[in-house]
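Undergrad: The structure's right below; bear with me while I get my questions together.
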Amino acid sequence: GSNSYFFITFIIFSFVDSQMKDIQLLFKSSKQRRKPIRVSDIFDIVVTIYKRTLDREHIKLEIKKTGSPVVVKCTDAILLQLLINLFDNAVYWLSVVNIEQKKICVTLDGDNKQVIFSDNGPGIREDDEPYIFEAFYSGKEDGRGLGLYIARQLLNRMDYSIDLAELSSEKILSGANFVINFIK
């Protein structure tokens, strides 16, 4: 009857509404002018945002820097969106595992213009690997699943990339390892 129709419409609407917030970010961040940005500066901001959460969850954050600073032509919004997503995912997965020493390790490699974001959470199931950058995919219980999709879309727009680590040299910790390349 009309009641169930109304209910379904409402569910679709509230779902679309939550997605719209993410999609608005896509448009906002593409309007900004690109400028050279030191990635570690944006990191500092995001670490400040997450500091209390990391302390509460007893997650140790380690930042390794090699070579010159990673400077990229990008926008603040895109880098913030990217890093917040990566921290969000890592914190979520580390909060559901029962391990002694929870860790996030970020490697800023200026010589290769590369950032590796690693955690020692449960990692990504092999079956899920091909899908994690697709729209609406999420391994989380409540996941809306646009985070990594949007991060990749925004980076691609700048001719940059984000992928799962494939080389053993890029697998820093035992969980999920993401490699961001800031080279065209």
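The values are calculated or read from the model by the stated rules, or taken from the named source; none is laboratory data. What you see is a predicted model, and the numbers here were worked out from it, not measured in a lab. No Cβ is skipped: glycine too gets one built from the backbone with ideal geometry, and neighbour counts run over all protein chains shown. Only protein heavy atoms, including side chains, enter the accessible area calculation; ligands, DNA and RNA are left aside. Shrake-Rupley method; radii C 1.70, N 1.55, O 1.52, S 1.80 Å.
Undergrad: Once label points are set 7 Å from the Cα along Cα→Cβ at both residue 65 and residue 159, what is their separation, rounded to one decimal in nm?
TA: With each label point 7 Å from Cα toward Cβ, the separation is 2.7 nm.
Undergrad: Hey, got the dipole for segment 75-184? About the Cα centre, +1 on K and R Cβ, -1 on D and E Cβ, debye to the nearest 20? Intermediate values should be presented prior to the final figure.
TA: On the way: 10 positive and 17 negative charges, 50 e Å.
Using Cβ point charges on Lys, Arg, Asp and Glu, segment 75-184 gives about 240 debye.
Undergrad: Still on this structure, I have one more. Stokes-Einstein diffusion coefficient for segment 38-138 at 20 °C in a medium of 1.002 mPa s, Rh from the Kirkwood formula over Cα pairs: what value in µm²/s?
TA: Details: Rh = 14.6 Å.
It diffuses with D of about 147 µm²/s by this estimate.
Undergrad: Next question. Using a cut-off of 10 Å between beta-carbons, work out the net charge of the residues near residue 172 (Lys and Arg +1, Asp and Glu -1, residue 172 not included). Can you show the working numbers first?
TA: Numbers: positive: 64, 103, 171; negative: 62, 119, 170.
Its environment carries a net charge of 0.
Undergrad: Please give me the summed charge of the neighbours of residue 99: other residues whose Cβ is under 12 Å from its Cβ, Lys and Arg +1, Asp and Glu -1.
TA: Once positives and negatives cancel, what remains is 0.
Undergrad: What does the charge count near residue 108 come to, summing +1 for each Lys or Arg and -1 for each Asp or Glu among other residues with Cβ under 15 Å from its Cβ?
TA: Values: positive: 38, 64, 65, 113; negative: 41, 44, 62, 109, 111, 170.
Net of charged neighbours comes to -2.
Undergrad: Which value, in Å², gives the accessible area per residue of segment 49-105 when a 1.4 Å probe is used on the protein heavy atoms? Please report the intermediate quantities before stating the final value.
TA: On the way: 3150 Å² over 57 residues.
Per residue, segment 49-105 has an accessible area of 55 Å².
Undergrad: OK, next. May I ask you to derive the FRET efficiency for residue 99 and residue 76 from their Cβ-Cβ distance with R0 = 45 Å, giving the value to the nearest 0.05? Please report the intermediate quantities before stating the final value.
TA: On the way: r = 34 Å, r/R0 = 0.75.
Efficiency, rounded to the nearest 0.05: 0.85.
Undergrad: Follow-up question, since we're still on this one. Return the carbon/sulfur percentage of the accessible area of segment 38-184, one whole number, probe 1.4 Å, all protein chains in place. Please list the in-between numbers first.
TA: Working: 3530 of 7670 Å².
Within segment 38-184, the accessible surface is 46 percent carbon and sulfur.
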